[in-house]
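The values are calculated or read from the model by the stated rules, or taken from the named source; none is laboratory data. Fair warning: this is a prediction, and the values are worked out from it, not measured in the lab. Cβ placement follows ideal geometry from the backbone for every residue including glycine, while neighbour counts extend to all protein chains displayed. Note: areas computed on protein heavy atoms with side chains; ligands, DNA, RNA excluded. Shrake-Rupley method; radii C 1.70, N 1.55, O 1.52, S 1.80 Å.
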Amino acid sequence: MHTWDFHEWQAALGALSPRAAALVGLTAAERVSGCLHDERFRRRGRSEAALVKEVLQACWNSYAGDDSSLLRLRELTDQLDDLSREYLTLSLTDLFHSYETLPEDSADDEGLDDGTADLEEFLEEAEPEGAVMMHLDALTAVSEAASVCAGGPWDGALRCLQIAAIAASQHSPRLAGPGVEIQRQREDLALVKAAASTGLSRVAGDLRGRARADALGWKQVTEQLDLLHD
């Protein structure tokens, strides 16, 4: 019940219509996006949290049949990808500058000028952890969901579910919120499979409402995780 198997989910989503598979992925993205309401992410600027909210709203509009939102959704997806890269760079740069150079190292090191080369090397080798990684997982999941809703391949929904499950398993799965992610995915799948194709819109409203409620759990978990910087 609490393990996520790629091939199992590949078969499960592949047996659905592309629209039904997109709904399962979008629901997971809505749920995991709750961690982006963590104040430490939002302090990067209101525009970032607002962008994620707008992307998800455009996804739901598109899913509901609003074709006029498709072009806007594709534009927003490009902005979201840019945001992910910028957020990663800024987060690791903050960590780099938070290090205190030891007095005995500061004067004797040769080849160090303004530290630019060292920063570039650090950015190439460092890996995000804690809440920073959870934020990046959430941004990627939202981006994958947006791609599917914008007409991309259905397997974007599969990657969306996988990312959410990985985030859940790596980040304190015992805590409320991510601890129930895999269970929620199975429940979402069952609801979508049980709905006739004409009933997906009604099921979508129910899934979205529950995902928004579960998003609070992701926020609480993120708040308890250590950041690379503070």
- Task: Could you check how much of the accessible area of the chain is carbon and sulfur, as a whole percent, using a 1.4 Å probe?
- Result: 50
- Query: Any idea what the dipole of the chain comes to, in debye rounded to 20, about its Cα centre with Lys/Arg Cβ at +1 and Asp/Glu Cβ at -1?
  - Reply: 2520
- For K193 and E125, extending 7 Å from Cα along the Cα-Cβ vector and measuring point to point gives, in nm, a value of 4.8
- Query: Please identify the GluC sites (Glu not before Pro) of segment 1-100 that satisfy two criteria: DSSP loop assignment and at most 10 other Cβ atoms within 10 Å. Which are they?
  - Reply: E100
- R210: net charge of surrounding residues, Cβ under 11 Å, Lys/Arg +1, Asp/Glu -1, itself excluded? -1
- Message: Just to confirm a number: summing +1 for Lys and Arg and -1 for Asp and Glu over residues other than Q10 whose beta-carbon lies under 13 angstrom from that of Q10, what do you get?
- Response: -2
- For segment 12-78, with only Lys/Arg (+1) and Asp/Glu (-1) charged at the beta-carbon, what is the dipole magnitude about the Cα centre, in debye rounded to 20? 240
- Item | Solvent-accessible area per residue for the chain (1.4 angstrom probe, square angstrom) | 52
